Amino acid sequence: MNVLIFGGSGFLGSHTADALTEDGYNVKIFDIIKSPYLQAGQEMIIGDIIDKKAVEKAVKGCDIVYNFAGMTNIEEAHAKPL
């Protein structure tokens with residue numbers, strides 16, 4: 001099965017990606033930065049979740065999608081809530 005993880009470079013996303021990879025899933029990680037935890041067999045997609053075309057392209061062929069994407073800077077999120 002093909003799995004896509006938005007926000008896969010972060011704590012929750014990277015641990016989820018690792019567990020799914022160990023269980024034999026084909027894992028794609030989509031994040032704005034390259035994951036420092038990327039394992040062999042995992043595919044990395046650098047992109048922004050607010051880019052509709054990039055998201056549509058990434059989800060093609062995926063059976064399962066996890067979304068752990070979010071703002072890491074709480075001050076920026078508070079100043080720019082949209």
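Tell me, yes or no, whether region 16-25 has at least one residue that is at pLDDT 95 or above, surrounded by 16 or more Cβ atoms within 10 Å (Cβ to Cβ), closer than 17 Å to Lys57 by Cβ and in contact with a Gly (Cβ under 8 Å, 6 or more places away or on another chain).
Narrowing region 16-25 to residues at pLDDT 95 or above: 16-25.
When the remaining residues are screened for being surrounded by 16 or more Cβ atoms within 10 Å (Cβ to Cβ), the result is 16-18, 20-21, 25.
So of that shortlist, the ones also closer than 17 Å to Lys57 by Cβ come out as none.
No, region 16-25 contains no residue that is at pLDDT 95 or above, surrounded by 16 or more Cβ atoms within 10 Å (Cβ to Cβ), closer than 17 Å to Lys57 by Cβ and in contact with a Gly (Cβ under 8 Å, 6 or more places away or on another chain).
Residues of region 49-61 include none that is exposed (fewer than 12 other Cβ atoms within 10 Å of the Cβ) and closer than 13 Å to Gly10 by Cβ.
Beta carbons closer than 7 Å, at least 6 apart along the sequence or on distinct chains, pair a first residue in region 45-62 that is in contact (Cβ under 8 Å) with a residue 24 or more places away in the chain with a second that is polar (S, T, N, Q) for Gly61/Asn2; Cys62/Asn2. So which residues in region 1-26 are in contact (Cβ under 8 Å) with a residue 60 or more places away in the chain and not polar (S, T, N, Q)? Matches in region 1-26: Met1, Val3, Leu4, Ile5, Phe6, Gly7, Gly8, Gly10.
The values are calculated or read from the model by the stated rules, or taken from the named source; none is laboratory data. On a predicted model such as this, the values are computed, not experimentally measured, just so you know. With ideal geometry, Cβ positions are generated from the backbone for all residues, glycine too; neighbour counts draw on all protein chains shown.
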